[in-house]
Structures are given as structure tokens and as C-alpha cells.
Amino acid sequence: MTSGFAPMTFELETERLVLNMWEVSDAASYRRLIGERGVAMPTLDAARSKIISGRAASADNGIATLPIRRRAGGDFIGYCGLITGRSTLEEPEIAYELLRSAHGNGYATEAASAVLAAAIATGRSRLWATVRSWNVASFRVLEKLGFERRHSTWDDGGEIVWNVREL
């Protein structure tokens, strides 16, 4: 590992959720989640390729997004994890996204709390989260996790609010 940090745990469990590494069989669920964004849905082959390349990157850099499944039933409801995104491997971003049908049940907060603990265990000192200014629900999750708004940047999609959490 080139970052100097311990790899994050790729298997997390909470009271209601299980988060573990993506499998190629998750491609259809991943496609459905992307489709809910209102953007072009990737082909099944493209979704499989993304999962395969993501697993390889995680093995190399020690961070990952993990699919979220409910313990009861094992159904896929989204993902949560650490990414480099707009940040760095030393100070990664926490990212989460749920299917609309799973919104409003506290799942994002529960999953993100487990990922936050996994990030702390890697020895990092800071996490970031970038959120579009309209995403009130994501701000609520971040506030519950102790993130604070730091600054904003703008791109073609509008305002991006940078949130930070000292570990």
C-alpha cells in the first residue's frame, strides 16, 4: 500500500445492514441505482467492468465503496464507502447513495457511521464529503456524523459544499 495507511475493512455490519465488497452479480443493482439519478443507465457489461475495476483499485489503494444490503432479506439498497473523488487518498471523501425506495429510514446514517469507524481505524486524520447544495438529506446525515461545512466550489452543475470531519 502506497498511502501509508492501513486498508479499510471491506466487510462491515450494523444492526440492520451488511456492507461488503461488490460482486459482478451486483451489476444489475448498480445499474438500477445509476438509472435513478436521471442519467444514462450503463450497460450491464459496463456495470460489470466498473465493479471489476473498482475491486482492483480497492485492493491497490485500500479504500472502497461497498454495496449496502439489509440484513433482513439481503436486498441491495445502495452503497457507502470512501473515495478519492474530489479529494485525496490521504484525506478521502465519504460517499453514499441509496435507492429512492430506501430513503427516509436512517440507512445512510447507519451505513456511513460504520464507514466512518472503518476510516478512523485506517489511521487517517480527516475525511471530506462534497455535497450539492440542494441535497438536504445528505447534509442531515453528515451533521449526525459530526461533519462541518467548510467552503463551496462551483462547477457546471452548480454549488458543491465541502464538509470536513476531523478524526
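Taking the stretch 29-46 as the range and being in a helix (DSSP H, G or I) and open to solvent by 50 Å² or more (accessible area, probe 1.4 Å) as the test, the residues that pass are 31, 32, 44, 45. Taking the criterion of being open to solvent by less than 70 Å² (accessible area, probe 1.4 Å), in a loop (DSSP other than H, G, I, E, B) and not aliphatic (A, V, I, L, M), the residues of the stretch 126-157 that qualify are 133, 135, 146, 147, 157. Residues being assigned to a strand (DSSP E or B), open to solvent by less than 30 Å² (accessible area, probe 1.4 Å), among the hydroxyl-bearing types (Ser, Thr, Tyr) and modelled with pLDDT of 95 or more are entirely absent from the stretch 96-108. Screening the stretch 55-90 for residues that are among the aliphatic types (A, V, I, L, M), assigned to a strand (DSSP E or B) and touching a helix residue (DSSP H, G or I) at 6+ places or on another chain (Cβ under 9 Å) and picking the one that is surrounded by the fewest Cβ atoms within 10 Å (Cβ to Cβ) gives 77. Within the stretch 4-28, the set of residues being open to solvent by 50 Å² or more (accessible area, probe 1.4 Å), touching a Lys or Arg at 6+ places or on another chain (Cβ under 6 Å) and closer than 21 Å to residue 105 by Cβ comprises just one member, 16.
The values are calculated or read from the model by the stated rules, or taken from the named source; none is laboratory data. Computed from a predicted model, the values in this text were never measured in an experiment. Every residue, glycine as well, gets a Cβ built from its backbone with ideal geometry; the counts of neighbours run over all protein chains shown. All accessible areas refer to the heavy atoms of the entire protein, side chains included, with ligands and DNA or RNA removed. Shrake-Rupley method; radii C 1.70, N 1.55, O 1.52, S 1.80 Å.
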